[in-house]
Amino acid sequence: MAENLYSKMGEVQPDNLFADLTVPVLIKGITLAKGQGLLKRGTVLGIVTASGLAKVVDSSKTDGTEKANCILADDVDTGDGSASSDFPAQAYISGYFNRNALVFGGTDTADTHELYLRELGIYLKDNIAY
C-alpha cells in the first residue's frame, strides 16, 4: 500500500512585524490589564506604575503607560472589563521591528517613542510592504 509522505500541515502568513534579525529577539511574560478589547500583535505597551499591568502606550497618560516598555507578541482579547482577572501574555523586549507594523494608543506614532525604545534594545526600521 502506498504511503502519502506529503501533506499540508499548516500555513505561515508573514505579518511584516520584524524588520531584521541582527538584534536578538527576547521575550518576557507580562500581564495585560482587562477591558482593553482586542490587542493586536505588534501593539506597543507601557506598564502602569501602580499595578504593574500592561496597557497600550499613550504619551498623553501619566500613569506609567506614557513610556513604551515592550511589544505584544500575539493577539490577545482582554475583553470589555467584565472578566474576573487580567490576562497573561508574552511581549518582545528587544529586536528590530518594522515601524509601520506597530500599533500605538492615542495619537502616538513610532516617532513619539523611537528614542526611548532604542534605549530598551528595541530598534525600528521601515520595511517594504509585501
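A short reminder: the numbers here are calculations on the coordinates, not readings from a lab. Computed from a predicted model, the values in this text were never measured in an experiment. Cβ sites come from the backbone with ideal geometry, for glycine too, and all protein chains shown count toward neighbours.
What's the exposure ranking of Thr107, Thr65, Thr78, going from fewest to most Cβ atoms within 10 Å?
With the fewest neighbours first, Thr107, Thr65, Thr78 line up as Thr107, Thr78, Thr65.
5 Å is the cut-off here: which amide hydrogens, built 1.01 Å from N in the peptide plane, fall below it relative to Lys34, excluding neighbours closer than 5 in sequence?
It is Phe87, by chain and number.
From the phi of every residue in the range 66-82, what ³J(HN,Hα) in whole Hz does the Karplus formula 6.51 cos²θ - 1.76 cosθ + 1.60 yield, where θ is phi - 60° and glycine or proline is x?
6, 10, 5, 10, 6, 10, 4, 8, 9, 4, 9, 8, 8, x, 9, x, 8
Given Cβ point charges of +1 (Lys, Arg) and -1 (Asp, Glu) and nothing else, what value in debye, to the nearest 20, does the dipole of the chain about its Cα centre take?
180 debye
Tell me the angle of helix 110-120 to the major Cα principal axis of the chain, expressed in degrees between 0 and 90 and rounded to the nearest ten.
Taking the Cα atoms of the chain, the angle to 110-120 is about 80 degrees.
At q = 0.18, 0.20, 0.21, 0.22 Å⁻¹, what is the base-10 log of I(q)/I(0) for the chain according to the Debye formula with one equal point scatterer per Cα and no solvent? Please give it to two decimals.
-0.95, -1.14, -1.24, -1.34
When the label point is put 7 Å from the Cα of Asp80 along its Cα-to-beta-carbon vector, which residues of the range 39-71 have a backbone N closer than 20 Å?
39-40
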